[in-house]
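Computed from the coordinates by the stated procedures, all read-outs in this text should not be read as laboratory data. Computed from a predicted structure; not experimentally measured. Cβ: placed from backbone, ideal geometry, glycine included. Neighbour counts: every protein chain shown.
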Amino acid sequence: MGFFRGEIYSYALDKMTPIDVYLPHDDNRRFLVDKPQHTVILLHGLEGNYSYWSRYTSVERYAQTRNLALIMPDAEMSMYADMRCGQRYGEYIGQELPERIRQMFQLNTDRDHLSIGGLSMGGYGAVKFALQYPETFGRCASFSGALMIGSNDHLRDLREWKDPGRGDAYIEMEEINRSMYYGAKGAFGEDFAYEPSHDLSYLAGQLVKSGKKLPEFLFTCGTEDFLFSVNQEFMEKLTQLGIPHSFYTWPGIHNWLFWEESIRDYVDFFC
């Protein structure tokens with residue numbers, strides 16, 4: 001594999017932005033590749049960045065023998081939106097990035113060879129882009145996805161949340177809520193206004209109505225994850241809409257151990 005860590009210029013963001021790229025390479029010495037090349041854009045979570053997939057999982061090793069190129073962009077705490085108080089990360093990843101990686105790295109990015117996936121906030125972003133651009137992404141995987149982002153209920157909860165301040169003890173859910181609050185505030189505005197284009201249930205319904213070819217969807221979530229019920233509810237929505245999907249669960253929480261298991265066990269989905 002070739003590994004590149006650097007920056008590319010984005011017209012949507014109007015700035016240089018960091019990115020990690022793994023490119024498959026078969027030298028007939030260390031491993032043999034006998035499968036067609038595929039590309040997956042992997043999205044990071046709320047409190048992470050573009051480097052986390054390569055730092056905390058063995059995704060490069062899993063991609064090596066599958067001729068799988070990995071693209072890991074940075075999206076800050078944008079909720080993968082064209083932010084009301086920030087930059088156009090939705091346009092950057094959903095529209096600009098697939099074309100840019102085709103041009104720069106000569107990757108095959110037609111629908112049958114391009115997938116998108118992510119964890120937590122990145123799981124939400126992956127599903128959002130797959131629903132918005134089904135002609136671009138043929139497969140989508142969400143690992144412990146924060147699939148409630150952008151919904152009316154979640155925005156209402158954010159409006160009502162009050163920052164308790166940081167105490168002496170670390171309380172994980174308070175830190176997650178704080179990050180979610182300030183990230184969503186930048187993405188959706190101080191009033192946390194509802195926009196259908198950020199609501200996965202609305203987007204799923206619109207895609208069905210459009211009659212366009214549906215992407216393949218795969219979801220994982222740990223049964224002890226605080227987002228487990230959120231994922232269950234979204235699976236019920238997809239079933240109601242008649243959107244085929246796979247949902248895999250096993251004991252686990254919202255952490256890198258579960259995401260390592262997810263990418264290890266289901267990396268072949270992208271191929």
To the nearest 0.05, the calculated FRET efficiency linking Glu174 and Cys85 through their beta-carbon distance, R0 being 30 Å, is 0.85
The set of residues whose placed amide H lies less than 5 Å from the amide H of Arg139, leaving out same-chain residues fewer than 5 positions away, is Ile116, Glu216
If the label point sits 7 Å along Cα→Cβ of Asn255, residues of the range 59-78 with amide N under 20 Å come out as 59
Out of Phe105, Met173, Gly94 - ranked by how far each Cα lies towards the positive end of the dipole of the range 27-173, with unit charges on the beta-carbon of charged residues - the top one is Phe105
Calc'd 3J(HN,Hα), the range 43-51, phi into Karplus 6.51 cos²θ - 1.76 cosθ + 1.60 (θ = phi - 60°), Hz, glycine/Pro = x, comes to 9, 8, x, 4, 9, x, 8, 4, 8
Restricting to lysines and to Cα separations under 22 Å from Lys209, and discarding same-chain partners fewer than 8 apart, the set is Lys128, Lys237
Using alpha-carbon positions, the gyration tensor of the range 124-271 gives root eigenvalues a ≥ b ≥ c; with a/c under 1.5 called rounded, otherwise prolate if a/b exceeds b/c, else oblate, the class is oblate
Row for the range 50-163, column shape: gyration tensor on C-alpha, a ≥ b ≥ c, rounded if a/c < 1.5 i.e. under 1.5, prolate if a/b over b/c, else oblate; value prolate
Relative to the chain, whose Cα atoms define the longest principal axis, helix 256-266 and its Cα axis are tilted in degrees, nearest 10, by 50
Residue-ordered couplings for the range 249-254, obtained by feeding phi - 60° into the Karplus form 6.51 cos²θ - 1.76 cosθ + 1.60 and rounding to whole Hz (Gly and Pro as x), are 10, 7, x, x, 10, 7
Any GluC sites (Glu not before Pro) in the range 176-271 that lie in a DSSP loop and have at most 14 other Cβ atoms within 10 Å would be Glu190, Glu224
Residue-ordered couplings for the range 145-157, obtained by feeding phi - 60° into the Karplus form 6.51 cos²θ - 1.76 cosθ + 1.60 and rounding to whole Hz (Gly and Pro as x), are x, 7, 6, 8, 4, x, 7, 4, 4, 5, 5, 5, 4
Cross-link reach from Lys162 to lysines, straight Cα distance under 22 Å and at least 8 residues apart if same chain, gives Lys185
Here the residues of the range 254-271 lying in the modelled label zone of Asn108, meaning backbone nitrogen under 12 Å from a point 7 Å along Cα-to-Cβ, are 271
Taking placed amide H atoms and a strict 5 Å upper bound, the residues 5 or more places from Leu43 or on another chain that come that close are Gly117, Gly118, Leu119
Helix 172-188: inclination vs the chain longest Cα principal axis, degrees, rounded to 10, gives 90
In the chain, taking the dipole from +1 charges on Lys and Arg beta carbons and -1 charges on Asp and Glu beta carbons about the Cα centre, the listed residue (Ala141, Ile19, Cys271) farthest towards the positive end is Cys271
Loop-resident trypsin sites (Lys or Arg not before Pro) in the range 170-271 with no more than 15 other Cβ atoms inside 10 Å, DSSP not H/G/I/E/B, are Lys212, Lys213
Rounded to the nearest Å, the spacing of the alpha-carbon centers of the range 63-126 and the range 230-268 is 19
Sorted by chain and number, the residues with a modelled amide H under 5 Å from that of Met83, at a separation of 5 or more or across chains, are Arg88, Tyr89, Gly90
